[in-house]
1. Have a look at 2, 6, 32, 61 and point out the one that is in contact with a Ser or Thr (Cβ under 6 Å, 6 or more places away or on another chain), open to solvent by 60 Å² or more (accessible area, probe 1.4 Å) and not acidic (Asp, Glu).
2. Any chance you could count how many residues in segment 43-80 are aromatic (Phe, Trp, Tyr) and closer than 17 Å to residue 31 by Cα?
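The values are calculated or read from the model by the stated rules, or taken from the named source; none is laboratory data. Because the structure is predicted, anything quoted here is derived from the model rather than measured. For neighbour counting, all protein chains shown are included, and Cβ atoms are generated from backbone atoms with ideal geometry for every residue, glycine included. Protein only, heavy atoms only, side chains kept; ligands, DNA and RNA dropped before computing areas. Shrake-Rupley method; radii C 1.70, N 1.55, O 1.52, S 1.80 Å.
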Amino acid sequence: MFHPPFCPNKECRNHHLSTKTAAWYVRNGSYFSRLFGRIQRFRCLHCGVGFSSQTFSLDIFVKKKVPYWRIFSHLITSSG
């Protein structure tokens, strides 16, 4: 189960939260993505900002699953 690490709103007091406690957010439904399947939505109890589990993922900007292990191995071996 995914637990958001912090609130994505920079003005919120929970933005710099370093604990994985569920006391600062509530689950707020879900939606379906063809690539990632069911995506859980959340809402911050302090500022009311809504966000999803994909907010904290690097793959959200690429819109596809990226083989990060392959990129990392190329960086280590200094290949292009």
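1. Matching residue, one of 2, 6, 32, 61: 2.
2. Number of matching residues: 2.
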